[in-house]
Amino acid sequence: MRVAVDCHMVAQPHAGDAGNARFHTLLTCALAETAAPGDSVSALVAYPGAAERLGSVDVLDVPAGNLRRLAMGIPRALRRDGADAAIFSYVTPLRPPCPVLVVVHDVSFKLHPEWFSARVRGLLGMLVPRSLQQSAMILTVSQASKADLVNAFDVDPDRVRVVTNVPAPAFRERPGADARVRERFGLDRYCLYVGDVHPRKNLASLAEAMRRLDDPGLTLAIVGRAGHRGEEIIAATGARWLGPQDDDDLADLYAAAAVTCYPSLYEGFGLPVIEAMACGCPVVASNRGAIPEVAGDAALIVQPAPDAIADGLRAALEPAAADRLRAAGLARAALFTPARMGGAAWAAIREVA
């Protein structure tokens, strides 16, 4: 069986949805790693540099422009490739020549339209329902996201399969990370936030929590792209903004952090929670969306309000609690493996191809 994965977001030169691009990169690699004899994986790519991030899979070039890619480029590439099935994120091609599976990571655009521009709301509101109807199977990344998807779009839950995310290979314990972070970033003791900067990420509450914590030796460090209103949000935090980082530097930042905080108001998964845990960093995270499901009892779960976040940070910085969270986080992260991700995805593919 041959499956193609839409990786057009991978290596894009402009700011885009880094989380979805990372999921499709990891999914492609997990499918290749868990392929049975006779199975093969190809990737639909639009930008130079994508192939080196996708391992040994075959690469199918498609146009970067959305209309050309979805209307002509992808259907032609799938026919040439002889794909038995293809996987897309949110939006599927107009006339696919094989069964398609659509990944809907979360439905925040439906539940909280105020977080998105009118253009994004309009496009997703029009294209996602069509893609859900057209797809042979729907994938999402958590049970919480599945429930939201079923309720928001009235889809049959039997058409939805959960394929959880995984941390990339770089995210592991990192001996010597403290010294490397001190040399590269000039950071000693800091609270780390990782993710695109967006109103739903709730960075204003984290910044206020840091002020209320009143720990002058603790710096707030932000890693991520400045998305919708991102520069405005970053400026209001008074934090050190490090911008996007590659996996090795990001893993060092996790490993050297005193604590990672993820105060998001809604997530379909919350990958930075698992990445931080895999690097042995204590985690404080909000109780919204899928975050409690992903974190289990290996993080301090708090209300996403300044006082509660401050209390969580204060508790996580206590040495005994930090040690417990590090050990529990490593054990929790070890459950999220490429074998689990690939196995769940292949099972869904075989149901429809």
Which numbered condition L78 misses (of (1) farther than 25 Å from Q12 by Cβ; (2) touching a residue at least 60 places away in the same chain (Cβ under 8 Å)) = (1)
ask   = When residues of the range 226-240 are filtered for being without any contact (Cβ under 8 Å) to a residue 40 or more places away in the chain and not in a helix (DSSP H, G or I), how many remain?
value = 2
message = I need the full set of residues from the range 309-353 which are free of Cβ contacts under 8 Å to residues at least 12 places away in the same chain, farther than 30 Å from M1 by Cα and not acidic (D, E), in order please.
response = P319, A320, R324, A327
message = Being among the charged types (D, E, K, R), assigned to a loop (DSSP other than H, G, I, E, B) and modelled with pLDDT of 95 or more: is that true of E173 here?
response = yes
remark   = Of the residues in the range 247-298, those that are within 16 Å of the chain's Cα centre (by Cα), under 30 Å from R182 (Cα atoms) and either assigned by TED's automatic domain parsing to the domain that holds A147 or among the acidic types (D, E) (or both) number 2
inquiry  = Quick check on this structure: which one of Y254, Y266 is among the hydroxyl-bearing types (S, T, Y), assigned to a helix (DSSP H, G or I) and crowded, with 22+ Cβ neighbours inside 10 Å?
reply    = Y254
ask   = Checking T164 against (1) assigned to a helix (DSSP H, G or I); (2) modelled with pLDDT of 95 or more; (3) surrounded by 15 or more Cβ atoms within 10 Å (Cβ to Cβ), which single condition isn't satisfied?
value = (1)
Matching option when the condition is touching an Asp or Glu at 6+ places or on another chain (Cβ under 7 Å) and of a type in the set (A, V, I, L, M, F, W, C), among A11, A32, A18 = A18
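The values are calculated or read from the model by the stated rules, or taken from the named source; none is laboratory data. Keep in mind that this is a model prediction, so the values were computed, not measured. Counting neighbours? That spans all protein chains shown, and the Cβs are built from the backbone with ideal geometry, glycine included.
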